Amino acid sequence: MVKGLVRLSYCKIIDASSQKSWDKAVFDETHQEFFIQAQQYDQANRYQTFQDLLINVPRAEQLHYLTSRVAMGYLKQLNQVMPDVVNAFGNQCLPFTQFKFEILASHVQQKAAHKIAIYFYSDPLTWLDTIDNNLLIAYGDQREAIRSGHEVSTDLVALQPYLNIWSFQPHLVS
């Protein structure tokens with residue numbers, strides 16, 4: 001019955017078309033920070049796009065990290081629960097403790113060109129089964145409890161775009 005332990009990842013893309021207030025705030029703040037940091041890396045203003053900065057300016061790869069710092073407060077607002085991923089009751093349910101921030105594209109002067117990705121990585125989950133397009137999971141490593149015949153709480157999480165099984169440890173029957 002138990003398939004094994006998994007960690008899920010969810011990639012949240014935020015750009016000018018984002019509609020949720022949290023997304024818009026992260027968009028605005030990260031573009032503003034990108035604008036400030038880009039000026040530090042290119043004081044002559046020769047390069048307008050993130051891609052041009054990466055190609056032509058040493059250490060411009062650090063702009064990912066430097067820009068991400070303004071998103072930290074917004075990430076704390078999530079209370080370590082992934083946004084957008086919900087269980088069968090429509091409640092956000094997947095805990096995360098790790099994330100990665102990435103600038104996908106940006107332009108110093110054209111805010112509409114700004115696009116970021118935040119990758120959220122779940123804590124370990126016990127993957128029990130797949131039902132239709134849903135994962136039946138239990139939180140944490142529940143393999144021993146299940147093997148011992150104990151009842152465990154579960155959740156049903158729909159597979160959706162940008163949700164992925166990031167790591168898998170198979171259940172080995174002894």
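Going by alpha carbons, how many degrees (0 to 90, nearest 10) lie between the helix axis of 21-41 and the longest principal axis of the chain?
40 degrees
Expressed as a rounded percentage, what relative contact order does the chain have, with Cα pairs under 8 Å and six or more residues apart?
35 percent
When the helices in the chain are scored as -39500 (n - 2.57) per DSSP H run of 4 or longer and the sum is shared across all residues, what 222 nm value do you end up with, to the nearest 500 deg cm²/dmol?
-7500 deg cm²/dmol
Ignoring any ligand, DNA or RNA, what whole percent of the accessible area of the chain comes from carbon and sulfur when the probe is 1.4 angstrom?
Carbon and sulfur atoms account for 50 percent of the accessible area of the chain.
Please compute the per residue accessible area over the chain with all protein chains in place, 1.4 Å probe, rounded to a whole number of Å².
56 Å²
List the longest stretch of the chain that has no exposed loop site; here a site is one of the chymotrypsin sites (Phe, Trp or Tyr not before Pro) assigned by DSSP to anything other than H, G, I, E or B, with at most 14 other Cβ within 10 Å.
1-88
Go ahead and collect, in residue order, the members of region 143-158 whose backbone nitrogen is under 18 Å from a label point 7 Å along the Cα-Cβ direction of residue 123.
143-146, 152-157, by backbone N distance to the label point.
Putting +1 on Lys and Arg Cβ atoms and -1 on Asp and Glu Cβ atoms, find which of 113, 171, 81 reaches farthest to the positive end of the dipole of region 81-172.
113
The values are calculated or read from the model by the stated rules, or taken from the named source; none is laboratory data. Here the structure is a predicted model, which is why all the values come from computation and not from measurement. Please note: Cβ atoms are built from the backbone with ideal geometry, for glycine as well, and neighbour counts cover all protein chains shown. Surface accessibility is based on the protein's heavy atoms, side chains included, excluding ligands, DNA and RNA. Shrake-Rupley method; radii C 1.70, N 1.55, O 1.52, S 1.80 Å.
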